Amino acid sequence: MIIFIHRRDLRVQDLAAFEYIVRTNQPSIHLFILDPFLLRKNRANEHSGRNFLLHLTALKQAYEKWKHPFYILYGSPADIIAEVLDHTSAGEVVAHRDVTPYGKQRDRELKKVVEGKGARWTLLLDHLLMDPADFQSYAHRTEPYKVFTPFFNKWSAYMHTYTPAPYTTHIRHLHPASFHVHDARLHAYEMPEALEQTLKQMEPEAVRLQPEERLTTFLDEALLHYEQRRDRYGHEEATSGISRHLNVGALSIREVYQQMMEYPAHSVWRRQLAWRDFYLYQAMLDPFYFEYEKHYDLEQLSDHHFQAWATAQTGIPIIDAAMTQLNETGEMPNRLRMITAMFFTKNLLCPFPLGETYFRYKLADYDNTLNRGGWLWSSSLGYDASPYFRVMNPVSQSQKFDPDGRYLRKWLPHLAALPDRDIHLPQPRAIVDLKNSRARAIEVYKGILSKA
Ligand code: FAD
């Protein structure tokens, strides 16, 4: 018997683990462990936590539909797995590989516990289009690529040779196994009442999620215009909006790739999928990717520049509009992520892990690796980052990508009456002067990077 632990793979088909289990021809117990560490600091009520719990609810519904037992337990993964192994005859525990520092540490502990109980610990790769180890040998590399363009060229050739096809195993092909959670020791790991209620309340919304539909609608209706519209953030359907499904694994990346390839005009969007693989690949192979591990306690922080940025009170319209959208909805288009992050780390000279931590709570599509990649890029600290002297001017960006101020008027209604000419300009109460702060940022970054 096999125990399969769901993590960021919240779907019931096209999973590397299902393919593996079906080949072993063994019955399987499927569970999800809600780790209190990951829900700390009221995370369950922030957009990132809610998005995850919403998809977890949808996963529970999918298991119910296929009448396959599924358990959600609450507590330390290592303690829970030790108990479940004691209560079942399982000889193997299977999960998908995680690349984050916390995920790796948790998996080292799990491996120790599982092997200590005489069972087998198996980690499979599921969330990338390519296997970094295969890719390295295909590309004859010993070092990981650090620059995107050469990586992309090789990645494109690799994808033509090994087109990733979805796995065909579905939950209905697996033999269900079950166990009793009501035993006193396991009972301790049942979900707290409040969380159970949260998941219950999410049920109607979870039914409506339909990630596949979102993908198909985008491919059918918007892919053709993606190149022209993707930075026009006033245009609501310009990009796919699949990241919040992809990052929790409700959509399979192989499925996304296969469907996309059926559309002739896919090249620009395909390149974005390669950026995703690039960051995940770096996180797996580069030991320094997560080097800056400083996490801030946002509740304790009183830095006035950070507070102004986070609460949309900078007086720079594009920044305040973007942060308002983020705070209210958990969404922010890519170009605005670059502009707000660059403003934060350059014009305000705030440390990037502070902004990164804020995004961790607020982004519905939060992904530790991609968020890190975006912040490293914006603050000129990653390997293939924007050059240190590049400081996007928020006003000219706003004029260029939202010329009629549609986006600004939507998120900052108090500015709606201003004419197009004036709406992009800093307000009299702006917390920094853009010209002076740009010059200061270039000097400071030059000093830092020349010592590096
Ligand atoms: P589309 O434009 O439709 O692109 C399709 C897919 O390609 C995306 O879903 C994503 O998986 C991938 N992709 C697109 N752009 C990028 C990119 N620049 N880098 C890596 N992958 C990309 N993305 C996240 O998914 N989670 C994050 O936490 C995250 N944090 C970011 C923080 C900053 C500071 C920056 C600059 C970018 C961040 N991104 C993050 C990348 C990007 O902004 C989002 O992937 C994109 O906005 C998601 O919208 P979409 O699904 O409509 O994308």
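Side notes on the structure shown:
- Any hit, the stretch 189-201, residues being farther than 30 Å from Pro403 by Cα, among the small types (Gly, Ala, Ser), part of a helix (DSSP H, G or I) and touching a helix residue (DSSP H, G or I) at 6+ places or on another chain (Cβ under 8 Å): no
- Applying the criterion of at least 2 residues that are modelled with pLDDT under 95 to the helices (runs of 4 or more DSSP H) found wholly in the stretch 318-378 leaves 352-362, 368-378.
- Residue in the stretch 257-290 that is farthest from the ligand (Cβ to nearest atom), counting only those that are buried (at least 17 other Cβ atoms within 10 Å of the Cβ) and of a type in the set (Ser, Thr, Tyr): Tyr289
- Here Tyr233 fits the description: of a type in the set (Ser, Thr, Tyr), buried (at least 18 other Cβ atoms within 10 Å of the Cβ), within 12 Å of the ligand (Cβ to nearest atom) and assigned to a loop (DSSP other than H, G, I, E, B).
- Failed criterion for Gly373 (all others in (1) of a type outside the set (Ser, Thr, Tyr); (2) closer than 24 Å to Gly234 by Cβ; (3) within 11 Å of the ligand (Cβ to nearest atom) hold): (2)
- In the condition set (1) among the aliphatic types (A, V, I, L, M); (2) at pLDDT 95 or above; (3) crowded, with 18+ Cβ neighbours inside 10 Å, Leu425 is compliant with all but (3).
- Test: residue in the stretch 381-402 that is surrounded by fewer than 22 Cβ atoms within 10 Å (Cβ to Cβ), touching a His at 6+ places or on another chain (Cβ under 8 Å), at pLDDT 95 or above and not hydrophobic (A, V, I, L, M, F, W, C): yes
- Residue in the stretch 413-421 that is under 32 Å from the mean Cα position of the chain (by Cα) and within 19 Å of Arg335 (Cβ to Cβ) present: no
- Within the stretch 114-134, the only residue that satisfies the criterion of being modelled with pLDDT under 95, outside any loop (DSSP other than H, G, I, E, B) and surrounded by 18 or more Cβ atoms within 10 Å (Cβ to Cβ) is Pro132.
- Every condition in (1) surrounded by fewer than 16 Cβ atoms within 10 Å (Cβ to Cβ); (2) within 25 Å of Leu186 (Cβ to Cβ); (3) touching a residue at least 60 places away in the same chain (Cβ under 8 Å) holds for Ser28 except the one numbered (1).
- Check on Ala62, in the same structural domain as Lys112 (by TED's automatic domain parsing), under 19 Å from His170 (Cβ atoms) and surrounded by fewer than 19 Cβ atoms within 10 Å (Cβ to Cβ): yes
- Total residues in the stretch 236-250, condition assigned to a loop (DSSP other than H, G, I, E, B), within 9 Å of the ligand (Cβ to nearest atom) and modelled with pLDDT of 95 or more: 5
The values are calculated or read from the model by the stated rules, or taken from the named source; none is laboratory data. These figures come from a predicted structure and were not determined experimentally. Please note: Cβ atoms are built from the backbone with ideal geometry, for glycine as well, and neighbour counts cover all protein chains shown.
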